[in-house]
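Computed from the coordinates by the stated procedures, all read-outs in this text should not be read as laboratory data. Keep in mind that what you see is a predicted model, and the values were worked out from it rather than measured. Here the Cβ is made from the backbone with ideal geometry for all residues, glycine too, and neighbour counts use every protein chain on show.
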Amino acid sequence: MHETSAAPAVQHGPPTTFLRKHVFSTDHKVIGIQYYHLALVAVVTGMVLSWLMRIHLAWTNAAIPGLQVLSPNGAPSGVMTPEYYLQLMTMHATIMVFFVLTTAPFAAFGNYFLPIQTGAEDMPFPHFNMMSFWVTLTAFIVLITAFFVSDGPPLAGWTSYAPLSAIGKAAGPGQGAGQVIWATALGIFCIGQLLGALNFISTVLDMRCKGMTLNRLPYTAWAWFITSCMGLTAFAVLMPACILLILDHVAGTSFFVPSGLVINDQLIPHSGGSTLLWQHLFWFFGHPEVYIAIVPGLGIVSHVLVTNMRRPMLSTKAILYSMWALAFLSYMVYGHHMFVSGMNPYSSMAFSFPTLMITIPSTIVVLIWIGSLYGSKLRINTASLFALGFISMFVSGGVSGFFLAQPSIDIQLHATYFVVGHFHMVMGVAAMFGIFSGTYFWFPKMYGRMMNESLGRIHFWLTFVGTYCIFMPFHYLGWAGNVRRYAAFTDDYLKPLIPLHQFITVAALFTGAVQLIFLYNFIHSRLRGATAPANPWEGTSLEWIMPSPPPWNNFGGKDPVVYHDADQYGVMTPSGADYIMQDSPEMPITTASGD
Amino acid sequence: MGKLLAVTIIVIAILSAIPVIMHTWEPPADVSTHGKLIDDQMADTMIEAGVSFLAAQFLLAIFIWQFSSRRADAKPKTFPGGAKGLVIAAIVLVGVEVLALGAFGAKAWAQVYFTPPAVDAIPIQVQAGQFAFYFRYPGPDGKFGPLHPELINEGNQNLFGLDPEHDVDSRDDIVTAEMAIPVNKEIHLLMHSKDVSHSFFVPALRIHQDFVPGLDLSVHFTATQVGKYEIVCSQLCGLGHYNMRAYLEVMSQQDYEDWLKKQAAAQ
């Protein structure tokens, strides 16, 4: 790992107009905030959709006031039709996975803090960076237009398995224009992510300031770098897959549709395609995507924890190598989504092995976190509470992976609520806790004001308990064989489970409402919060050496020089502080143990 | 505040485990010959996952309790054994754990997928389509007539696209909307979809296999208890997905033969 010595070149001048400063900005910080705001809009949209879905699942025949106004076809007299349920489900998942879980922890925080943490003035390709946001926003708008086409959004789920997704409107409501819009939106989204990933990778490799060796990068910078490498390869597969899907709709091709299919007694005019091809392409993207959502969370939690534990991690390398191992293995495990898909059953064994192995790096990260807590001087604040909550959620969601990694058990649990519980906890809620932790931690830097700590803690407690009440019972439902993606539970063996669904719905409505506390805190603190100092948490990484918020050129035109890694906590210094900032030439008198 | 979090984590961990220990929610009782292996594998995994879950949550909670309110002048301590011990523990303990699970689990999987059906297994064809399953029995000649998708016509009840006029083998085929099988007799289920992906999931039989348009797939199983069980679709197939089901009736050999005759007469 070589040390870069070249000072970063000035990427662009100060913004001179309102448009260049706040709208079409090339400043990575503005772009990061734009991504964050997009994720906020997306998460509110996705959450409202989940509320509607949960109400329908618990009280299937209940009229939801006002829903008939929003969708006269989907909810005549306010009662949701089964197809409208599936359409909302598809949109909920697509919005959450792509525009929240990918956008907030990676694109938003990464854009804002990666150049700063590497000591750069900006990313190497600021115009590509600006483009990546506007392309992503376009993708979001295109996706939302699916609500406004005649038969609504697609109902094939976020996985959009062919041929349901490929044969057009004969397959069901939303499967014509809605599905094409969905594939178009995701194709556009991929372009934005590829541009972003290229920028992130170049920033880490080429833009580090003097003294910032790779070993001295904070956990978050590593996490965003690893995520970028995954994004570069994963989105490069999803994009052509989406293009092929669109061609099957509009150009008469048959990439995903075999011959001899009959719908409504009509032979579908396609031949020669492969249904499983879509699943292979989708999951080759889809499983790394799970890690694209969670690895930034691992970085954020490590970064927040090490600051609040006031001691170094037991091993930085163990965490970094584990993140790389997760990224590498994520490409070798995707077939575990397809154990009972009709894929060769020997392949299932081959995919099962690395899936079980991926438990090891995950366990290492968790044990290093827990082991590092031992003997620390843990500071409890909202950011660290969410980071600790992340660990608890990550463990709870992770252990259900033991079951799903095994093809024999998947026979019973495949496509049940057990899977829904697993991924919501391990990549949904855990990633959301990472986002919340990052928000409470970095808000002072991003907006120059402190968030209200009391409201933050109330938000944490209610969210922590609430999410467990929602997602732990999903596992019980799965054990009982409750199939997912059902608009109602009419089977004899499912009817006794409806009370549990009602409990989950109440918990979901409550936990969702709790998020209003966060929104209020976010907006109120943005306008009225106490002025933030440069380094409110006594952190060591480079974002804390600059004013809050930072100037347009980050370091005020100076080139920072780095002397230490970002783990210099729990040290004795001549100045009496228990930490040394990365750009401080000060040397510790004695250091806490760690490596 | 840290202590409150520690207590909350422990309470949540215990409350989460109680329904599992109490078997509050369980799959329908197994009625297959191979299901016990799957259930045993599930139980073993539950123990390993449960111990990992509780150990990690308790350890997290204990350390939060212990180290969240230390004095400002307290000295940092290092976990006994340091990172090396933890990394080795993760690799060895978890590695052995998952390898063992993988090795034992392979047995259950192999029994379902790597063993061929018995030569005298009863062949039954199942066709999935939006949003119903249909079944076909080969009739006295023991042969299925060929399928002609272009002839599928629900209006005149040609659900499989058979052409008995030209195909001799199709003439005695029996097509039904419900599935009946004899108890303790192996069934060789031949699966195809007429439109989109579906799945054949019988929770009580521990059988779960997707229908893949364009692929002919098969599974084999033996039911051990007379009774009526639900066959549900678990692969999202469209607006009526939630309502796509059929019943599997497991009968005595005599009842099965009577049922077949009755169905043949009704064709």
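What residues qualify as long-range amide H neighbours of A:Y579, i.e. H under 5 Å apart, gap of 5 or more or another chain, H built at 1.01 Å from N?
Counting only residues 5 or more places away or on other chains, the set is A:V571.
Please go through the stretch B:164-267 and write out the GluC sites (Glu not before Pro) that DSSP classes as loop and that have at most 12 other C-beta atoms within 10 Å.
The qualifying sites are B:E165.
Given charges of +1 on the Cβ of Lys and Arg and -1 on the Cβ of Asp and Glu, with all other atoms neutral, how large is the dipole of the protein assembly as shown about its Cα centre, in debye to the nearest 20?
Computed about the Cα centre, the dipole is about 3300 debye.
I'd like to know which of B:V226, B:Y256, B:G240 lies farthest towards the positive end of the charge dipole of the stretch B:122-266, counting +1 on Cβ of Lys and Arg and -1 on Cβ of Asp and Glu.
Selected residue: B:V226.
Would you mind calculating the relative contact order of the stretch A:10-113 from Cα pairs under 8 angstrom and at least 6 residues apart, reporting the percent as a whole number?
Computed over the stretch A:10-113, the figure is 39 percent.
Of all the Cα-Cα pairs you can form in the stretch B:65-151, what percent are over 14 Å apart?
Pairs farther apart than 14 Å: 83 percent.
List every residue whose amide H lies under 5 Å from the amide H of A:T416, counting only residues 5 or more places away in sequence or on a different chain, with H placed 1.01 Å from N in the peptide plane.
Here the answer is A:R484, since their amide H atoms fall under 5 Å of that of A:T416.
What is the mean number of Cβ atoms from other protein chains located within 10 Å of the Cβ atom of each residue in peptide A:344-350, rounded to a whole number?
Taking all residues of A:344-350 together, the mean is 3.
Which value in deg cm²/dmol, rounded to the nearest 500, describes the helix-derived mean residue ellipticity at 222 nm for chain B, given -39,500 (n - 2.57) per DSSP H run of n ≥ 4 and division by the residue count?
-12000 deg cm²/dmol
Past the 25 angstrom mark, what percentage of all C-alpha to C-alpha distances in the stretch A:93-196 do you count?
30 percent
Rounded to the nearest 10 degrees, what's the angle between the helix A:316-329 long axis and the longest principal axis of chain A, both from Cα atoms, 0 to 90?
20 degrees
What is the antiparallel percent of DSSP beta bridges lying wholly in chain B, to the nearest 5?
70 percent
Full extension from B:A74 to B:D40: what is 0.36 nm times the residue separation minus their Cα-Cα distance, to one decimal in nm?
Residue separation times 0.36 nm, minus the Cα-Cα distance, leaves 7.3 nm.
Restricting to the stretch B:122-266, what percent of DSSP beta bridges are antiparallel, rounded to 5?
About 70 percent, rounded to the nearest 5.
Multiply the residue separation of A:A63 and A:S575 by 0.36 nm, subtract the distance between their alpha-carbon atoms, and state the gained length in nm to one decimal.
177.7 nm
Modelling each spin label as a point 7 Å along the Cα-to-Cβ direction, I'd like the A:I458/A:V506 distance in nm, to one decimal.
2.2 nm
Chain A: percent of C-alpha pairs farther apart than 44 Å?
Within chain A, distances greater than 44 Å cover 17 percent of Cα pairs.
Order of B:F160, A:F18, A:F433, A:F510 from fewest to most other C-beta atoms within 10 Å?
Lowest count first: A:F18, A:F510, B:F160, A:F433.
How large is the convex hull of the Cα atoms of the stretch B:122-266 per residue, expressed in Å³ as a whole number?
Spread over its residues, the Cα hull of the stretch B:122-266 gives 105 Å³ apiece.
Tell me, A:I55, A:I226, B:I62, A:I523 in order of fewest to most beta-carbon neighbours within 10 Å?
Ordered by Cβ neighbours within 10 Å, fewest first: A:I523, B:I62, A:I55, A:I226.
Counting only DSSP beta bridges with both residues in the protein assembly as shown, what percent are antiparallel, rounded to the nearest 5?
75 percent
Give me the number: length gained by fully extending B:D169 to B:L15, i.e. 0.36 nm times residue separation minus the C-alpha to C-alpha distance, one decimal in nm.
49.5 nm
My understanding is that a pair violates if its Cα-Cα distance is over 32 Å; which of B:K107/B:K185; A:K445/B:K84; A:K210/A:K317 do that in this structure?
Exceeds cut-off: A:K445/B:K84.
Using the number of other C-beta atoms within 10 angstrom as an exposure proxy, rank A:S400, B:S193, B:S32 with the fewest first.
B:S32, A:S400, B:S193
What is the projected area of the convex hull of the Cα atoms of chain B, averaged over all directions, in nm²?
Averaged projected hull area, Cα only: 19.8 nm².
Could you tell me the relative contact order of the stretch A:245-398? Use alpha-carbon pairs under 8 Å, at least six residues apart, and round to a whole percent.
Computed over the stretch A:245-398, the figure is 24 percent.
Using the basic label-point model (7 angstrom from Cα toward the beta carbon), what is the A:S150 to B:A100 distance in nanometres?
Taking the two extended label points, one gets 6.2 nm.
Roughly what angle does helix A:28-58 make with the longest principal axis of chain A, taking Cα atoms, 0 to 90 degrees, to the nearest 10?
40 degrees
Would you please put A:383-394, B:123-134 in order of how densely packed they are, using the mean number of other Cβ atoms within 10 angstrom per residue and starting with the highest?
A:383-394, B:123-134
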